[in-house]
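As structure tokens, the structure follows; a few thoughts come after it.
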Amino acid sequence: MSKILLINDFVSKGKIAGNIMDAYLSYKLHQCYFLPTALISHNFSLGNIAKLDTSSYIKDCLDSWDKLGFTFDIIFIGYVENKKQKDLIIDYINKIKYNPLIVLDPIMGDNGKLYKNVNNDKLEIYKDLLQIAHIIIPNSTEAKFLGLCDFDKLLATNKKYLITSLDCENKPYNLVIDKDLYKVYYDKIDLNYGGTGDLFDSLFLDYYIKTKDLKKSLELTTIDISKILKIQKEKYGNYPSLAIESILSEIYGGKYA
């Protein structure tokens, strides 16, 4: 069991964002501290959202946990609402006197486009957060906008990258950039559910905690994501979001192992 600080948004509709990460990692018996960066009514793609900025709560919560001596094995950073939150996160990480693993998923866009709420300020926020992260998990769209497309150049850094949703001659794959380049190909499933990327992050964290092997963790994560989406399509196709609780019991109960 690891202690994981999840810095991500809380979305009231569906199993997405920090909601699904907390659910999955808790299911795998990790101790999660879910610190929401915003309370959001529903996914941005639907438009007309209601949103509450939690910057003051983040500051108070981190101060309180610091005074209580809470420590974390992993700090995961996902959706960050504004520059104030970015500064709070960086200051906290620079101040602590131990060395947790810092994992960043720069949540900004997909399918070649930035999300509606993402502007240049958000790009600069994530560029700053790149500097403190040990493992960075952008999809191909986010990698493009953050200037992370020169894979040979990334090999020369002291960071590890896991770039998802790449494509070579209509063959989708995910990529590990560490000491070398390592591709994991997969069969694309014609299914689009919010929260898939967040679930991917959760699966990866769990496997990396267990294996400490980036390549093996990506392989296992890619396999499990395919299993989950296949079951979702076959059994829960009409369900409005990922039926993660039901699917997990089927996968780890042995039927789909």
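The values are calculated or read from the model by the stated rules, or taken from the named source; none is laboratory data. As the structure is a prediction and not an experimental result, all values here were calculated from the model. Methodologically, a virtual Cβ is constructed for each residue, glycine included, from the backbone with ideal geometry; neighbour enumeration extends over all protein chains shown. SASA here: full protein model, heavy atoms, side chains in, ligands and nucleic acids out. Shrake-Rupley method; radii C 1.70, N 1.55, O 1.52, S 1.80 Å.
Couple of notes before you dig in:
- Sites D73 and N48 - FRET efficiency at Förster radius 25 Å, r taken between beta-carbons, to 0.05: 0.05
- Longest segment of the chain lacking trypsin sites (Lys or Arg not before Pro) that sit in a DSSP loop with at most 10 other Cβ atoms within 10 Å: 1-96
- Stokes-Einstein D in µm²/s, Kirkwood radius over Cα pairs - region 84-172 at 37 °C with 0.692 mPa s viscosity: 232
- Mean separation of Cα contacts under 8 Å (6+ apart) over length of region 51-196, as relative contact order %: 16
- For region 1-61, share of DSSP beta bridges that run antiparallel, in % to the nearest 5: 25
- Heavy-atom accessible surface of region 14-76: percent carbon and sulfur, 1.4 Å: 54
- Look at the alpha carbon pairs under 8 Å that are at least 6 residues apart: their mean separation over the length of the chain gives a relative contact order of 16 percent.
- Per residue, the chain exposes 49 Å² of solvent-accessible protein surface, assessed with a 1.4 angstrom probe and all protein chains in place.
- Fraction of accessible area attributable to carbon and sulfur, region 105-257 (%, probe 1.4 Å): 48
- Cα centroid of region 147-173 to Cα centroid of region 222-242, whole Å: 26
- Volume per residue that the Cα convex hull of the chain spans, once the total is divided by residue count, Å³: 127
- Rh by Kirkwood over Cα pairs, then Stokes-Einstein D for region 60-99 at 0.890 mPa s and 25 °C, µm²/s: 222
- The charge dipole of the chain, taken about the Cα centre with unit charges on the Cβ atoms of Lys, Arg (+1) and Asp, Glu (-1), comes to about 180 debye, rounded to the nearest 20.
- Using a Gaussian network model of the chain in which every pair of alpha carbons under 10 angstrom is joined by a spring, one finds that among F145, F204, F70 the greatest mean-square fluctuation is at F70.
- Cut-off 10 Å between beta-carbons: net charge of the residues surrounding S217, Lys and Arg +1, Asp and Glu -1: +1
- Residue-normalised convex hull volume from the C-alpha trace of region 1-72: 73 Å³ per residue.
- Pairs beyond 27 Å (Cα-Cα), from K13/K116; K13/K86; K28/K227; K84/K159; K86/K171: K86/K171
- Alpha-carbon Debye profile of region 138-198, log10 I(q)/I(0) at 0.22, 0.27 Å⁻¹: -0.96, -1.26
- Region 35-185, Cα convex hull volume normalised per residue, Å³: 124
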